[in-house]
Amino acid sequence: MTTQTPAISVRSLSKCYGALTALADFNLEVARGSIFGLLGPNGAGKTTLIRILTTLMRQDAGEVLIEGLDPRTHGREIRCLIGVVPQENSLDRYISARENLELHARLHGMAVGRYRRRIDELLELMGLAGRQHDMPDTFSGGMQRRLVVARALLHEPRLLFLDEPTTGLDPQSRRAVWEYIKSIAGRMTIFLTTHYLDEAEQLCGRIAIMDHGRLIDQGSSQELKDKLSGGTIYQIDFADNVDAYAALLQGMACVKGVEIVEHSVCVELVSWECLAEVVTILNGAPVKRISLKERTLEDVFISLTGTGVRE
Ligand SMILES: Nc1ncnc2c1ncn2[C@@H]1O[C@H](COP(=O)(O)OP(=O)(O)OP(=O)(O)O)[C@@H](O)[C@H]1O
Ligand SMILES: [Mg+2]
């Protein structure tokens, strides 16, 4: 295995649940040491993909390699290399938080001296040291999530799979998880799914967007935004007469579209060069502010996956 071997390589992967196609001809490559984000609406197939990548499920067709190893034949080796935060917390409810971590460490063959220290560090990091002897059932949802994240990191995996790691976490805990992920980036490959687009933008060097079991697009957050078609959008805030000025702007040749939002007009221009014309026509108008509306990752997501809510 060379340093060029990707951490994850997926080729023509497909998986059906009965008549339902969860993954179809799915292709993906994740470079070692990168933080890769997988986005997609509910039911897109993200968890199904993670289950196959983490040896919990077999594909119907196609190839998967984790650090060059095939999960169908090298499940045991792969399970030593990876840490997993599943979408649903899967803690043992009859033993304490600390015992949950100790059990995981022993299953991974860690020496007592090493895992004691590491458990102390992680409990501290996740703000759970004071509750370590309590049962997970007595924890809040966010505390249970933090315990599951700690468990996934315990054996210092080379590859970390996080299926919606920060769902249910408060802003402080979310930031703590982000900071930790950033601090280990480079030493570990991190593959995460999230519905928080700011999270993907903050953390992920590359982002893939999928829907209906298929990969739609991938790239850095900026590359994905740059691909969005459409002109430059400015928001113009008026002190009054917003309807009249919206109509005036609507009539201009360089204006592609106009939308009124309370006392503001969002105006889409053919290009930024037209802004001078707009400023000229608004000479004397009660303009309070003109601001450029940057495209967001959410704009990309909605444009690629639509606005419809999934069943
Ligand atoms: N065990 C299963 N049996 C039957 N169908 C399933 C099973 N697991 C998932 N599915 C279906 O497969 C599709 C993909 O589900 P999956 O859980 O992979 O989506 P997801 O992208 O993780 O969604 P979410 O964002 O809601 O977690 C969905 O239509 C789901 O109903
Ligand atoms: Mg899921």
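The values are calculated or read from the model by the stated rules, or taken from the named source; none is laboratory data. Worth saying up front: this structure is predicted, and the values here are computed from it rather than measured. All Cβ positions, even for glycine, are placed from backbone atoms using ideal geometry, and neighbour counts span all protein chains on display. Accessible surface areas use protein heavy atoms only, side chains included; no ligands, DNA or RNA. Shrake-Rupley method; radii C 1.70, N 1.55, O 1.52, S 1.80 Å.
Cβ-Cβ distances below 7 Å connect the following pairs, each with a first residue in the stretch 144-156 that is under 14 Å from I82 (Cα atoms), a second residue that is among the charged types (D, E, K, R) and open to solvent by 10 Å² or more (accessible area, probe 1.4 Å), and a separation of six or more residues or different chains: L154/R118. When only residues in the stretch 295-309 that are in contact with a strand residue (DSSP E or B) (Cβ under 9 Å, 6 or more places away or on another chain) and part of a loop (DSSP other than H, G, I, E, B) count, which is farthest from ligand 2 (Cβ to nearest atom)? The extreme case among them is R295. The stretch 1-76 holds no strands (runs of 3 or more DSSP E) entirely within its bounds that carry 3 or more residues that are closer than 17 Å to P157 by Cα and within 14 Å of ligand 2 (Cβ to nearest atom). R175 passes every criterion in (1) surrounded by 16 or more Cβ atoms within 10 Å (Cβ to Cβ); (2) in a helix (DSSP H, G or I); (3) under 15 Å from the mean Cα position of the chain (by Cα) apart from (1). Within the stretch 20-36, the set of residues being surrounded by fewer than 15 Cβ atoms within 10 Å (Cβ to Cβ) and within 8 Å of ligand 1 (Cβ to nearest atom) comprises L20 only.
Within the option set L203, L147, being over 14 Å from the mean Cα position of the chain (by Cα), under 30 Å from L69 (Cα atoms) and open to solvent by less than 20 Å² (accessible area, probe 1.4 Å) holds for one residue only, L147.
Within the stretch 140-152, none of the residues are of a type outside the set (V, I, T), touching a Pro at 6+ places or on another chain (Cβ under 7 Å) and not in a helix (DSSP H, G or I).
I'd like to check something: does the stretch 37-60 contain any residue that is more than 14 Å from ligand 1 (Cβ to nearest atom), among the acidic types (D, E) and open to solvent by 40 Å² or more (accessible area, probe 1.4 Å)? Checked against the condition, which is being more than 14 Å from ligand 1 (Cβ to nearest atom), among the acidic types (D, E) and open to solvent by 40 Å² or more (accessible area, probe 1.4 Å), the stretch 37-60 yields no hits at all. When I209 is tested against (1) open to solvent by 20 Å² or more (accessible area, probe 1.4 Å); (2) modelled with pLDDT of 95 or more, just one condition goes unmet, and that condition is (1).
If the condition is being among the hydroxyl-bearing types (S, T, Y) and buried (at least 17 other Cβ atoms within 10 Å of the Cβ), then the stretch 102-142 contributes only Y115. Cβ separations smaller than 8 Å between residues 6+ apart or across chains give the following pairs from the stretch 286-311 residues that are under 23 Å from D226 (Cβ atoms) to residues that are of a type in the set (D, E) and open to solvent by 50 Å² or more (accessible area, probe 1.4 Å): L297/D198; L297/E201.
Note on the stretch 62-101: residues that are touching a residue at least 12 places away in the same chain (Cβ under 8 Å), open to solvent by 10 Å² or more (accessible area, probe 1.4 Å) and within 16 Å of ligand 1 (Cβ to nearest atom) total 6.
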